[in-house]
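The block underneath contains the structure these notes are about, expressed in structure tokens.
The values are calculated or read from the model by the stated rules, or taken from the named source; none is laboratory data. Bear in mind that the values here come from a model prediction, so they are computed numbers and not experimental data. Reconstructed Cβ throughout: ideal geometry from the backbone, glycine too, with neighbour counts over all protein chains shown.
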Amino acid sequence: MVKRRSNPGLTSKVKELRKALDWTQGQLAQKAGVSRSYISLLEIGKVGTPSAEKMLAVARALRVPVETLYTAAGYTPEPKGEEIDKGLWRQMQYELRHLPESDVKAIKAFIHQLYEARGEYDTESEKS
């Protein structure tokens with residue numbers, strides 16, 4: 001039998017956030033699209049390392065950035081100054097992988113327009 005390592009930081013954070021919303025485990029499970037037993041096991045430390053998809057689903061249901069749960073789980077340092085942008089960048093990368101290609105192209109075009117409007121776009125690096 002494989003013994004799963006618990007993650008006390010993550011377990012207490014999920015429970016704390018759920019209780020702050022005055023939700024039952026069942027309500028959180030429904031909003032996150034997971035089973036109530038999964039939330040129960042997560043909160044008592046019987047889930048080893050949650051998948052990125054489940055972490056994102058639980059974070060969205062709890063209305064917090066996924067970085068909040070990653071930090072509680074010890075995957076990233078507590079954001080400070082410039083590091084906040086790194087957390088946002090990781091979340092954006094995850095989100096972009098789940099968008100249709102047409103949406104990704106639209107986002108790239110929008111970013112291109114922002115850089116051009118500020119005179120910061122390097123057209124030479126875009127060609128390579």
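Restricted to the stretch 37-49, and to residues that are of a type outside the set (Lys, Arg) and touching a residue at least 40 places away in the same chain (Cβ under 8 Å), which residue is nearest to Ala73 (Cα to Cα)?
The first filter runs over the stretch 37-49 and keeps only residues of a type outside the set (Lys, Arg), leaving 37-45, 47-49.
From what is left, the residues that are touching a residue at least 40 places away in the same chain (Cβ under 8 Å) are 47-49.
On the way: Val47: 12, Gly48: 11, Thr49: 9 Å.
Across the stretch 37-49, the extreme among qualifying residues is Thr49.
Can you name the residue in the stretch 34-53 that is under 18 Å from Tyr94 (Cα atoms) and surrounded by fewer than 17 Cβ atoms within 10 Å (Cβ to Cβ) and, of all such residues, is modelled with the lowest pLDDT?
So, considering only residues that are under 18 Å from Tyr94 (Cα atoms) and surrounded by fewer than 17 Cβ atoms within 10 Å (Cβ to Cβ), the one modelled with the lowest pLDDT is Thr49.
Which residues, taken from the stretch 85-103, are modelled with pLDDT of 80 or more, part of a helix (DSSP H, G or I) and not hydroxyl-bearing (Ser, Thr, Tyr)? Spell out the reasoning first.
Residues of the stretch 85-103 that are modelled with pLDDT of 80 or more, as a first pass: 100-103.
Checking which are part of a helix (DSSP H, G or I) leaves us with 101-103.
Scanning the stretch 85-103 gives Glu101, Asp103.
Test Glu126 against the criterion of being at pLDDT below 65, of a type outside the set (Phe, Trp, Tyr) and either in contact with a His (Cβ under 9 Å, 6 or more places away or on another chain) or outside any loop (DSSP other than H, G, I, E, B) (or both), and give yes or no. Outline the logic, then answer.
Working: at pLDDT below 65: yes; of a type outside the set (Phe, Trp, Tyr): yes; either in contact with a His (Cβ under 9 Å, 6 or more places away or on another chain) or outside any loop (DSSP other than H, G, I, E, B) (or both): yes.
Yes: the conditions hold for Glu126.
Suppose we filter the stretch 13-31 for residues that are touching a Lys or Arg at 6+ places or on another chain (Cβ under 7 Å) and either within 19 Å of Pro65 (Cα to Cα) or charged (D, E, K, R) (or both); how many remain?
Matching residues across the stretch 13-31 total 2.
So the check is Cβ under 9 Å with 6+ separation or different chains; which pairs have a first residue in the stretch 88-111 that's without any contact (Cβ under 8 Å) to a residue 40 or more places away in the chain and within 16 Å of Arg60 (Cα to Cα) and a second one that's part of a loop (DSSP other than H, G, I, E, B) and polar (S, T, N, Q)?
Final answer for the pair search is Arg90/Thr76.
Of all residues in the stretch 16-36 being part of a loop (DSSP other than H, G, I, E, B) and of a type in the set (A, V, I, L, M), which is farthest from Ala72 (Cα to Cα)?
Initially, the stretch 16-36 is screened for residues part of a loop (DSSP other than H, G, I, E, B), giving 21-24, 33-35.
Now drop any that are not of a type in the set (A, V, I, L, M), which leaves 21, 34.
Details: Leu21: 18, Val34: 20 Å.
Restricting to residues being part of a loop (DSSP other than H, G, I, E, B) and of a type in the set (A, V, I, L, M), the top hit is Val34.
How about the stretch 36-78: which of its residues are over 13 Å from the mean Cα position of the chain (by Cα) and on the phi > 0 side of the Ramachandran plot?
To start, the set of residues in the stretch 36-78 that are over 13 Å from the mean Cα position of the chain (by Cα) comprises 36-49, 74, 77-78.
Listed by number, the residues that qualify are Gly45, Gly74.
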